[in-house]
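*Asks:* What follows is a structure written as structure tokens; I'll ask about it next.
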Amino acid sequence: MIVLQCPVCHNTLYSDGVSLQCRSHHTFDISRYHYVNLAMDNRSSKKHHGDDRAMVLARSSFLNEGYYEPFRKLVVDTARGYLHPEDNLIDIGCGEGYYTDLLQRETDTSVLGIDISKEALREAYKRNHDLLLAVAGASAVPVPDASAHMIVNLFAPCFPEEFHRVLLPGGILLRGVPLEDHLWELKCAVYDEPYRNPKPETHLEHFEYLYQKEIRYEIRLEDPQDIQNLFKMTPYYYKTGAKDQEKLNRLSSLQTKLGFAVQVYRKAD
């Protein structure tokens, strides 16, 4: 079972059903979407943190159509090879829970999903009521040292030193990263000078690189809304001007390459 710790004093948090509290009486309310906010830098701030509602809903809608299902199955199948019943798994940067949901349902483990976006965690709860969810950053995971058997980190910021702290000896880290030609045709449709993704790096401080599994395939989008949702769920959307964004509005269909890698690491001594 995963134990959450207080981000203020690092003591264990206990639930009374409506909040979490430590022995120092620091209290954190459980939201109606069953996540708890343990991110100290945004508990009282009204500033937006993480993906906003439009981006989260676009991603949920797109993923629910099954376009990324082969990659999701690859992630879960890879994770299952290292896990035993009752192990602890943390999905760091879990977003709306598309991958976290299947990991929880098919690995028979205790799963914690963390993300800095409250909007994303609301969708994660709607997807799977059994998930343990917390607002927190990848650089300050609210769990004790050596408390997780596996960390899953898909398309999210990676903090090797913190992940090393959180994992048990011999613990496994699964990273999901895009390959060079991922979404190439989408980029070509938007940009005059599209660029390929950099080749995924394999070296990671504090970890032993084991291997990488890759999956490549193409999808065809016949619904203009699916095209828009795909674009909105990428980092490109907020970095692209209105003129380039308008190019997508003229597309009635799009066929594009997808390319993912699951990188497998073991915690080094």
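*Asks:* Out of the range 11-38, which residues are exposed (fewer than 14 other Cβ atoms within 10 Å of the Cβ) and at positive phi?
*Replies:* Result: Gly17, His25.
*Asks:* Whether any residue in the range 116-137 is charged (D, E, K, R), out of contact with any Asp or Glu (no Cβ under 9 Å at 6 or more places or on another chain), surrounded by fewer than 20 Cβ atoms within 10 Å (Cβ to Cβ) and in contact (Cβ under 8 Å) with a residue 60 or more places away in the chain is what I want to check.
*Replies:* no
*Asks:* Moving on. Within the range 101-115, take every residue that is of a type outside the set (Asp, Glu) and part of a helix (DSSP H, G or I) and give me the one that is most open to solvent (accessible area, probe 1.4 Å).
*Replies:* Here the residue is Arg105.
*Asks:* For the range 231-263, enumerate the residues that are buried (at least 19 other Cβ atoms within 10 Å of the Cβ) and modelled with pLDDT of 95 or more.
*Replies:* Leu254, Thr256, Leu258, Gly259, Phe260, Ala261, Val262, Gln263 - these are the residues of the range 231-263 that are buried (at least 19 other Cβ atoms within 10 Å of the Cβ) and modelled with pLDDT of 95 or more.
*Asks:* For residues in the range 193-220 being more than 16 Å from Val262 (Cβ to Cβ) and without any contact (Cβ under 8 Å) to a residue 40 or more places away in the chain, which is most open to solvent (accessible area, probe 1.4 Å)?
*Replies:* The qualifying residue most open to solvent (accessible area, probe 1.4 Å) is Glu193.
*Asks:* If you check every pair at least six apart or on different chains, which have Cβ atoms under 6 Å apart with a residue in the range 146-173 that is open to solvent by less than 20 Å² (accessible area, probe 1.4 Å) first and a residue that is among the acidic types (Asp, Glu) and at pLDDT 95 or above second?
*Replies:* Val152/Asp91
*Asks:* May I pose another question? Among residues belonging to the range 87-100 that are open to solvent by less than 10 Å² (accessible area, probe 1.4 Å) and in a helix (DSSP H, G or I), point out the one that is nearest to Gly137 (Cα to Cα).
*Replies:* Result: Thr100.
*Asks:* With the range 166-268 as the region, which strands (runs of 3 or more DSSP E) entirely inside it contain at least 3 residues that are under 27 Å from Asp52 (Cβ atoms) and either of a type outside the set (A, V, I, L, M, F, W, C) or in contact with a Cys (Cβ under 7 Å, 6 or more places away or on another chain) (or both)?
*Replies:* Answer list for the range 166-268: 167-178.
*Asks:* Buried (at least 16 other Cβ atoms within 10 Å of the Cβ), farther than 26 Å from Lys243 by Cα and in contact (Cβ under 8 Å) with a residue 12 or more places away in the chain: does that describe Leu183?
*Replies:* Judged against the criteria, Leu183 is not a match.
*Asks:* Something else: Tyr211 fails exactly one of the following numbered conditions: (1) in contact with a helix residue (DSSP H, G or I) (Cβ under 9 Å, 6 or more places away or on another chain); (2) under 27 Å from Leu174 (Cα atoms). What is the number of that condition?
*Replies:* Result: Tyr211 fails condition (1) only.
The values are calculated or read from the model by the stated rules, or taken from the named source; none is laboratory data. Just so it is clear, the model here is predicted, and its values are computed rather than measured. Virtual Cβ from ideal backbone geometry, glycine too; neighbours counted across all protein chains shown. Heads up: the accessible areas ignore ligands, DNA and RNA and are worked out on the full protein's heavy atoms, side chains in. Shrake-Rupley method; radii C 1.70, N 1.55, O 1.52, S 1.80 Å.
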